[in-house]
Amino acid sequence: NVGKSTLFNALTRTQIAQAANYPFCTIEPNVAKVAVPDDRLVRLGQLAESQKVVFGQLEIVDIAGLIRGASQGAGLGNQFLSNIRSVAVVLQVIRCFEDPDVLYVDNLAKLDSVQEMEIIRTELLLSDLDVVTKRLESAARKGKNDKEMMKVADVAQKALKELEQGHPARNVILEPEEHAIFQTFQLITAKPVLYILNVDPEKAATGNSLSEAVQKKLVEEGGGSSLVVSAKLEEEAASMRLGVADESEADSLQEEYLAAAGLKQTGLNQVIKACSQLLNQQCYYTVGPTESRSWFIERGMKAPEAAGVIHSDFEKGFICAEVSKFSDWVQHGSESALKAAGKWYREGKTYEVEDGDIMLFRHNVTTQAKKPSK
């Protein structure tokens with residue numbers, strides 16, 4: 001829990017989340033959107049002489065910390081967990097640094113990062129258990145004469161079995177037709193988790209014994225995604241941007257500050273990359289004189305589905321996709337040059353979109369594209 005609001009402010013380049021050295025300084029959730037940095041998109045916008053470049057957006061939600069017994073009302077309780085039931089990935093910030101000025105919770109005589117991780121896991125699981133129990137009870141009451149409610153009850157029973165055994169909901173084995181029902185439960189432990197191991201600035205590049213203990217535990221459990229990050233260092237680096245109007249210069253100042261600590265990229269870039277891997281995501285681009293834009297999709301998605309990310313009508317009326325590659329854009333410099341060089345391809349419904357593809361969809365529906373979301 002410790003450092004999550006500091007990290008939130010650093011990642012989102014804001015100061016909207018209160019950060020303090022005492023528990024429960026976050027009461028109401030803090031929400032911010034940040035542009036996903038993308039050098040390829042910037043280059044494509046330059047080559048196409050686009051009037052504007054629209055980056056993908058990452059929404060980050062900072063909620064109150066959890067302590068042991070939150071499910072029974074300890075601390076601020078766990079009712080605020082409803083604010084993250086719709087997120088795609090859970091970022092669990094684990095304290096991995098010693099500092100007498102930053103208070104412990106749970107009456108720990110000595111900091112135990114693995115135990116802190118387990119406490120948060122348990123409280124999330126208990127919250128999900130409460131949700132599933134209520135759904136099962138409701139479905140059981142209505143299901144006697146309702147086949148759909150009987151299906152809900154069956155799925156809830158499967159989830160309940162795993163949760164009661166102390167297993168996260170992501171372990172539930174479902175039939176293909178049950179996934180849609182399961183998604184309506186919005187269980188937090190069904191979501192992928194990225195463990196952010198918050199170390200002191202001096203150990204940002206190497207980690208320490210506390211972060212290593214957590215990583216060892218994750219390996220013993222079969223693997224888990226984690227990042228070693230110093231929230232304090234990231235905050236200091238982000239502050240280098242203050243008062244700098246030029247975005248490129250601000251980026252350079254922030255990166256130079258982190259490089260001095262042995263880091264090659266910002267915490268935001270690390271989090272984005274890790275989340276994309278957890279979600280099995282990639283992006284494609286639409287490029288033109290009006291705008292160049294990135295679109296995020298799941299790996300393995302076919303062209304019509306990718307078109308549907310822009311607008312559902314594009315998928316329904318899909319005819320074909322005109323595809324070009326980023327490396328070819330860099331080499332040839334324009335759409336006309338790509339076509340002249342034979343580097344402009346027409347693909348059908350079975351085409352599997354590749355990361356970095358530049359796409360132009362042909363369809364038989366006239367409509368305005370909706371604004372993207374991520």
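The values are calculated or read from the model by the stated rules, or taken from the named source; none is laboratory data. Keep in mind that this is a model prediction, so the values were computed, not measured. Positions of Cβ are backbone-derived with ideal geometry, glycine not excepted, and every protein chain shown enters the neighbour counts. Ligands, DNA and RNA are stripped out before the accessible areas are found, and what is left, the full protein with its side chains, is counted by its heavy atoms. Shrake-Rupley method; radii C 1.70, N 1.55, O 1.52, S 1.80 Å.
General observations
- Taken together, the residues in segment 216-245 that are surrounded by fewer than 19 Cβ atoms within 10 Å (Cβ to Cβ), closer than 21 Å to Gln265 by Cβ and more than 18 Å from the chain's Cα centre (by Cα) amount to 6.
- Scanning segment 138-148 for residues that are in a helix (DSSP H, G or I) and under 27 Å from the mean Cα position of the chain (by Cα) turns up nothing.
- Failed item, numbered, when Asn145 is tested on (1) in contact with a Ser or Thr (Cβ under 7 Å, 6 or more places away or on another chain); (2) open to solvent by 90 Å² or more (accessible area, probe 1.4 Å): (1)
- Considering the conditions (1) at pLDDT below 95; (2) of a type in the set (Ser, Thr, Tyr); (3) open to solvent by 60 Å² or more (accessible area, probe 1.4 Å), Thr350 is excluded by exactly one of them, (1).
- Test for Leu210: is it open to solvent by less than 30 Å² (accessible area, probe 1.4 Å) and over 22 Å from the mean Cα position of the chain (by Cα): no
- Qualifying residue in segment 252-262 (condition: in contact with a Gly (Cβ under 8 Å, 6 or more places away or on another chain) and either modelled with pLDDT of 95 or more or under 18 Å from Asn9 (Cβ atoms) (or both)): no
- Flag for Phe314 being touching a His at 6+ places or on another chain (Cβ under 9 Å) and not in a loop (DSSP other than H, G, I, E, B): yes
- The residue that is least open to solvent (accessible area, probe 1.4 Å), among those in segment 28-64 that are assigned to a strand (DSSP E or B) and at pLDDT 95 or above, is Val54.
- One residue alone among Val365, Val309, Val330 is β-branched (Val, Ile, Thr), open to solvent by 20 Å² or more (accessible area, probe 1.4 Å) and closer than 17 Å to Ala48 by Cβ, and that residue is Val330.
- Some residue of segment 272-285 being without any contact (Cβ under 8 Å) to a residue 60 or more places away in the chain, within 22 Å of Asn9 (Cβ to Cβ) and open to solvent by less than 40 Å² (accessible area, probe 1.4 Å): no
- Residues that are in contact (Cβ under 8 Å) with a residue 24 or more places away in the chain and either among the hydroxyl-bearing types (Ser, Thr, Tyr) or within 24 Å of Leu210 (Cα to Cα) (or both), drawn from segment 126-140: Ser127, Thr133
- Considering segment 161-187, the residues that are charged (D, E, K, R) and surrounded by 16 or more Cβ atoms within 10 Å (Cβ to Cβ) include one that is nearest to Ile120 (Cα to Cα), namely Glu162.
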